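These notes concern the structure reproduced below.
The values are calculated or read from the model by the stated rules, or taken from the named source; none is laboratory data. Since we're looking at a predicted model, the values are computed, not measured. Please note: Cβ atoms are built from the backbone with ideal geometry, for glycine as well, and neighbour counts cover all protein chains shown. What goes into the accessible areas is simple: the full protein's heavy atoms, side chains included, and nothing from ligands, DNA or RNA. Shrake-Rupley method; radii C 1.70, N 1.55, O 1.52, S 1.80 Å.
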Amino acid sequence: MAKSATGKWVSRVGSAGGGKAYKRTRPSNYYGILLVIVVLGLVATALARYDYQHPSKGAKGTPPAIGTTWYGALAIQSCGKTLPYLTADSTATGGFKLESDDLIKLDPTSAADAGKNATIGQFADEFPGLIASSNELAIPNAKGAAVSSTTYRNGQSCPTGSKYAGQSGQVEYAYWSTLSQTTPTITTNPDNIKFAQYLRVTMAFDPKGVTPAPPNQETVDEMSAAIIASANTTTTTAASTATTTTTIGPATTTTVAPTTTTTTNTTTTTAKG
(Lines give C-alpha, C1' and ligand atoms only; values in the text may rest on other atoms or scores of the structure.)
Protein backbone atom coordinates (compact mmCIF):
# COMPACT_ATOMS: atom_id res chain seq x y z
CA MET A 1 0.00 0.00 0.00
CA ALA A 2 1.34 3.42 -0.93
CA LYS A 3 2.19 5.80 1.84
CA SER A 4 -0.03 8.86 2.21
CA ALA A 5 1.31 12.40 2.10
CA THR A 6 0.84 12.66 5.84
CA GLY A 7 2.80 9.47 6.41
CA LYS A 8 5.67 10.72 4.30
CA TRP A 9 5.75 14.01 6.27
CA VAL A 10 5.86 12.15 9.59
CA SER A 11 8.68 9.99 8.31
CA ARG A 12 10.70 13.03 7.26
CA VAL A 13 10.15 14.71 10.64
CA GLY A 14 11.23 11.58 12.47
CA SER A 15 14.37 11.18 10.43
CA ALA A 16 15.26 14.85 10.98
CA GLY A 17 15.01 14.51 14.77
CA GLY A 18 12.01 16.78 15.28
CA GLY A 19 9.90 19.40 13.63
CA LYS A 20 10.87 22.90 12.73
CA ALA A 21 9.17 24.29 15.85
CA TYR A 22 11.11 21.85 18.06
CA LYS A 23 14.40 22.79 16.40
CA ARG A 24 13.70 26.46 17.07
CA THR A 25 12.68 26.00 20.75
CA ARG A 26 15.39 23.60 21.92
CA PRO A 27 18.37 25.95 21.60
CA SER A 28 16.40 28.81 23.14
CA ASN A 29 15.42 26.78 26.22
CA TYR A 30 18.90 25.31 26.56
CA TYR A 31 20.71 28.65 26.56
CA GLY A 32 18.03 30.19 28.75
CA ILE A 33 18.68 27.59 31.46
CA LEU A 34 22.43 28.15 31.18
CA LEU A 35 21.88 31.89 31.57
CA VAL A 36 19.79 31.38 34.72
CA ILE A 37 22.49 29.14 36.24
CA VAL A 38 25.22 31.70 35.53
CA VAL A 39 23.15 34.55 36.99
CA LEU A 40 22.36 32.58 40.16
CA GLY A 41 26.04 31.71 40.54
CA LEU A 42 27.05 35.36 40.28
CA VAL A 43 24.40 36.43 42.79
CA ALA A 44 25.50 33.74 45.27
CA THR A 45 29.13 34.82 44.90
CA ALA A 46 28.24 38.47 45.45
CA LEU A 47 26.20 37.66 48.57
CA ALA A 48 28.98 35.50 49.99
CA ARG A 49 31.50 38.29 49.43
CA TYR A 50 29.21 40.83 51.10
CA ASP A 51 28.64 38.58 54.13
CA TYR A 52 32.41 38.09 54.45
CA GLN A 53 33.13 41.83 54.32
CA HIS A 54 30.16 42.81 56.51
CA PRO A 55 29.85 40.14 59.22
CA SER A 56 26.83 40.28 61.48
CA LYS A 57 27.19 41.00 65.18
CA GLY A 58 26.77 37.33 65.97
CA ALA A 59 29.59 36.40 63.62
CA LYS A 60 32.04 38.61 65.49
CA GLY A 61 32.03 36.17 68.39
CA THR A 62 31.16 36.18 72.06
CA PRO A 63 33.31 38.01 74.61
CA PRO A 64 35.96 37.74 75.90
CA ALA A 65 37.54 38.51 72.55
CA ILE A 66 41.20 38.16 71.65
CA GLY A 67 43.07 41.18 72.96
CA THR A 68 40.91 41.72 76.07
CA THR A 69 41.95 40.97 79.65
CA TRP A 70 39.62 39.61 82.34
CA TYR A 71 40.23 38.53 85.93
CA GLY A 72 38.57 36.05 88.28
CA ALA A 73 39.10 34.61 91.77
CA LEU A 74 39.60 30.91 92.53
CA ALA A 75 39.36 28.72 95.62
CA ILE A 76 39.65 24.96 96.16
CA GLN A 77 37.85 23.23 99.00
CA SER A 78 38.03 19.68 100.32
CA CYS A 79 35.69 18.26 102.95
CA GLY A 80 34.90 21.72 104.32
CA LYS A 81 38.48 23.01 104.33
CA THR A 82 39.95 25.56 101.92
CA LEU A 83 43.16 24.19 100.43
CA PRO A 84 46.37 26.24 99.97
CA TYR A 85 46.81 28.38 96.87
CA LEU A 86 47.93 26.69 93.69
CA THR A 87 51.45 27.47 92.55
CA ALA A 88 51.42 30.12 89.82
CA ASP A 89 52.64 28.81 86.49
CA SER A 90 55.05 31.29 84.90
CA THR A 91 55.51 29.11 81.81
CA ALA A 92 51.85 29.17 80.75
CA THR A 93 51.41 29.91 77.05
CA GLY A 94 47.62 29.76 76.77
CA GLY A 95 45.12 32.52 77.40
CA PHE A 96 44.47 31.40 81.00
CA LYS A 97 47.16 32.21 83.54
CA LEU A 98 47.17 31.76 87.30
CA GLU A 99 48.82 34.53 89.27
CA SER A 100 49.63 34.66 92.98
CA ASP A 101 46.90 33.98 95.56
CA ASP A 102 44.76 32.05 93.04
CA LEU A 103 44.03 35.09 90.89
CA ILE A 104 42.98 33.92 87.42
CA LYS A 105 43.94 36.10 84.48
CA LEU A 106 42.48 35.56 81.02
CA ASP A 107 43.83 37.31 77.94
CA PRO A 108 42.80 35.09 75.00
CA THR A 109 45.35 34.67 72.23
CA SER A 110 43.34 32.22 70.13
CA ALA A 111 39.84 30.83 69.75
CA ALA A 112 40.76 27.98 72.11
CA ASP A 113 40.03 30.11 75.18
CA ALA A 114 38.09 33.05 73.74
CA GLY A 115 34.35 33.58 73.50
CA LYS A 116 32.24 30.54 74.34
CA ASN A 117 35.40 28.49 74.92
CA ALA A 118 36.43 30.64 77.89
CA THR A 119 35.25 28.33 80.66
CA ILE A 120 36.59 27.02 83.94
CA GLY A 121 36.90 23.64 82.27
CA GLN A 122 39.28 25.19 79.74
CA PHE A 123 41.24 26.85 82.55
CA ALA A 124 41.72 23.44 84.17
CA ASP A 125 42.81 21.94 80.86
CA GLU A 126 45.51 24.60 80.50
CA PHE A 127 46.83 24.37 84.05
CA PRO A 128 49.51 21.65 84.48
CA GLY A 129 48.34 18.68 86.53
CA LEU A 130 44.92 20.10 87.39
CA ILE A 131 42.01 17.77 86.63
CA ALA A 132 38.49 19.12 86.94
CA SER A 133 35.67 16.94 85.64
CA SER A 134 32.20 15.93 86.75
CA ASN A 135 33.52 12.99 88.79
CA GLU A 136 37.15 13.84 89.62
CA LEU A 137 39.08 16.74 91.09
CA ALA A 138 42.87 16.36 91.17
CA ILE A 139 44.98 19.14 92.67
CA PRO A 140 48.63 19.17 91.53
CA ASN A 141 51.65 19.82 93.72
CA ALA A 142 54.08 22.70 93.25
CA LYS A 143 55.76 20.85 90.37
CA GLY A 144 52.50 20.43 88.46
CA ALA A 145 52.12 16.71 89.19
CA ALA A 146 48.95 15.10 90.51
CA VAL A 147 49.22 13.43 93.91
CA SER A 148 46.92 10.87 95.50
CA SER A 149 46.42 12.84 98.74
CA THR A 150 44.70 15.66 96.83
CA THR A 151 42.87 13.60 94.23
CA TYR A 152 39.16 13.25 94.89
CA ARG A 153 36.52 11.14 93.17
CA ASN A 154 32.78 10.86 93.61
CA GLY A 155 31.87 8.43 96.39
CA GLN A 156 35.22 8.72 98.14
CA SER A 157 35.03 9.29 101.92
CA CYS A 158 36.39 12.39 103.61
CA PRO A 159 39.58 11.56 105.52
CA THR A 160 39.91 11.24 109.27
CA GLY A 161 40.43 14.57 110.98
CA SER A 162 38.49 16.55 108.37
CA LYS A 163 35.29 18.43 109.09
CA TYR A 164 33.16 15.75 107.43
CA ALA A 165 35.29 12.70 108.26
CA GLY A 166 33.84 9.43 107.02
CA GLN A 167 31.13 11.07 104.92
CA SER A 168 30.91 10.35 101.19
CA GLY A 169 31.86 13.31 99.04
CA GLN A 170 31.18 14.48 95.50
CA VAL A 171 32.88 16.85 93.08
CA GLU A 172 31.06 20.10 92.38
CA TYR A 173 31.74 23.68 91.39
CA ALA A 174 30.21 26.78 92.96
CA TYR A 175 30.44 30.13 91.22
CA TRP A 176 29.37 33.72 91.70
CA SER A 177 29.13 35.69 88.44
CA THR A 178 29.05 39.13 90.13
CA LEU A 179 30.31 40.64 93.37
CA SER A 180 26.73 41.29 94.45
CA GLN A 181 25.69 37.64 94.10
CA THR A 182 25.53 36.04 97.54
CA THR A 183 24.15 32.57 96.78
CA PRO A 184 26.34 30.57 94.41
CA THR A 185 25.24 28.65 91.36
CA ILE A 186 26.35 25.04 91.70
CA THR A 187 27.16 22.68 88.85
CA THR A 188 29.02 19.41 88.39
CA ASN A 189 30.36 20.42 84.95
CA PRO A 190 33.14 23.06 84.88
CA ASP A 191 32.51 23.59 81.17
CA ASN A 192 29.17 25.15 82.14
CA ILE A 193 30.94 27.98 83.97
CA LYS A 194 31.49 30.82 81.50
CA PHE A 195 34.39 33.03 82.53
CA ALA A 196 33.50 36.65 83.27
CA GLN A 197 34.93 39.76 84.87
CA TYR A 198 34.64 39.47 88.68
CA LEU A 199 33.89 35.75 88.47
CA ARG A 200 34.44 33.89 91.74
CA VAL A 201 34.60 30.12 91.59
CA THR A 202 35.27 27.36 94.11
CA MET A 203 36.20 23.85 93.07
CA ALA A 204 35.00 21.55 95.83
CA PHE A 205 34.84 18.00 97.09
CA ASP A 206 32.22 17.91 99.83
CA PRO A 207 29.35 15.77 101.06
CA LYS A 208 26.07 16.32 99.23
CA GLY A 209 24.21 19.36 100.51
CA VAL A 210 27.29 21.30 101.63
CA THR A 211 27.55 24.76 100.01
CA PRO A 212 31.19 25.59 99.16
CA ALA A 213 32.63 28.83 100.54
CA PRO A 214 33.62 31.58 98.08
CA PRO A 215 37.26 32.59 97.43
CA ASN A 216 38.78 34.50 100.33
CA GLN A 217 38.65 38.28 100.53
CA GLU A 218 42.37 38.68 99.80
CA THR A 219 41.98 37.06 96.38
CA VAL A 220 38.80 39.04 95.67
CA ASP A 221 40.55 42.32 96.55
CA GLU A 222 43.45 41.47 94.26
CA MET A 223 41.00 40.64 91.48
CA SER A 224 39.20 43.97 91.87
CA ALA A 225 42.48 45.90 91.96
CA ALA A 226 43.71 44.14 88.82
CA ILE A 227 40.49 44.94 86.94
CA ILE A 228 40.66 48.61 87.93
CA ALA A 229 44.35 48.84 87.00
CA SER A 230 43.64 47.21 83.64
CA ALA A 231 40.82 49.68 82.95
CA ASN A 232 43.03 52.66 83.85
CA THR A 233 45.81 51.38 81.59
CA THR A 234 43.37 51.09 78.68
CA THR A 235 42.07 54.63 79.26
CA THR A 236 45.57 56.11 79.48
CA THR A 237 46.67 54.35 76.30
CA ALA A 238 43.62 55.62 74.41
CA ALA A 239 44.27 59.20 75.55
CA SER A 240 47.91 59.06 74.46
CA THR A 241 46.93 58.38 70.85
CA ALA A 242 45.78 62.00 70.28
CA THR A 243 46.71 63.51 66.90
CA THR A 244 48.63 66.79 66.52
CA THR A 245 47.93 68.84 63.40
CA THR A 246 49.76 72.04 62.36
CA THR A 247 48.46 74.32 59.59
CA ILE A 248 50.69 77.04 58.18
CA GLY A 249 49.01 79.99 56.46
CA PRO A 250 47.94 83.53 57.36
CA ALA A 251 47.63 82.20 60.88
CA THR A 252 49.33 79.20 62.46
CA THR A 253 47.10 76.97 64.58
CA THR A 254 48.46 74.05 66.57
CA THR A 255 45.93 71.62 68.01
CA VAL A 256 46.89 69.08 70.65
CA ALA A 257 44.02 67.03 72.05
CA PRO A 258 42.54 67.66 74.49
CA THR A 259 44.07 71.20 74.81
CA THR A 260 43.95 73.71 71.92
CA THR A 261 46.50 76.50 71.55
CA THR A 262 46.08 79.18 68.90
CA THR A 263 48.93 81.45 67.78
CA THR A 264 48.15 84.36 65.41
CA ASN A 265 50.78 86.07 63.27
CA THR A 266 51.35 89.77 64.09
CA THR A 267 51.79 92.22 61.21
CA THR A 268 53.50 95.62 61.81
CA THR A 269 53.07 98.45 59.27
CA THR A 270 55.49 101.40 59.24
CA ALA A 271 54.24 104.61 57.60
CA LYS A 272 56.33 105.91 54.71
CA GLY A 273 58.06 109.29 54.80
| request: Give me the pairs, please: first residue somewhere in the stretch 20-45 and modelled with pLDDT of 65 or more, second residue anywhere and outside any helix (DSSP H, G or I), beta-carbon distance under 6 Å, and either six or more positions apart or on two chains. | output: none
| Members of the stretch 64-79 that are among the small types (Gly, Ala, Ser) and either part of a strand (DSSP E or B) or surrounded by 22 or more Cβ atoms within 10 Å (Cβ to Cβ) (or both) | GLY72, ALA73, ALA75, SER78
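Among the listed residues THR119, THR151, THR82, identify the single one that is more than 16 Å from the chain's Cα centre (by Cα), open to solvent by less than 20 Å² (accessible area, probe 1.4 Å) and under 24 Å from PRO184 (Cα atoms).
Exactly one of THR119, THR151, THR82 is more than 16 Å from the chain's Cα centre (by Cα), open to solvent by less than 20 Å² (accessible area, probe 1.4 Å) and under 24 Å from PRO184 (Cα atoms), namely THR151.
Only one of THR188, THR178, THR160 is under 23 Å from TYR71 (Cβ atoms) and not hydrophobic (A, V, I, L, M, F, W, C); which?
THR178
Report the residue count in the stretch 123-136 for those that are of a type in the set (Asp, Glu) and loosely packed, with under 14 Cβ neighbours inside 10 Å.
Taking the stretch 123-136 first, the residues of a type in the set (Asp, Glu) are 125-126, 136.
Then keep just the ones that are loosely packed, with under 14 Cβ neighbours inside 10 Å; that gives none.
Residues in the stretch 123-136 being of a type in the set (Asp, Glu) and loosely packed, with under 14 Cβ neighbours inside 10 Å: 0 in total.
For the stretch 137-148, enumerate the residues that are open to solvent by 40 Å² or more (accessible area, probe 1.4 Å) and not in a loop (DSSP other than H, G, I, E, B).
Looking only at the stretch 137-148, we keep the residues that are open to solvent by 40 Å² or more (accessible area, probe 1.4 Å), and these are 141-143, 145-148.
If the condition is that a residue be open to solvent by 40 Å² or more (accessible area, probe 1.4 Å) and not in a loop (DSSP other than H, G, I, E, B), then ALA146, VAL147, SER148 are the ones that fit.
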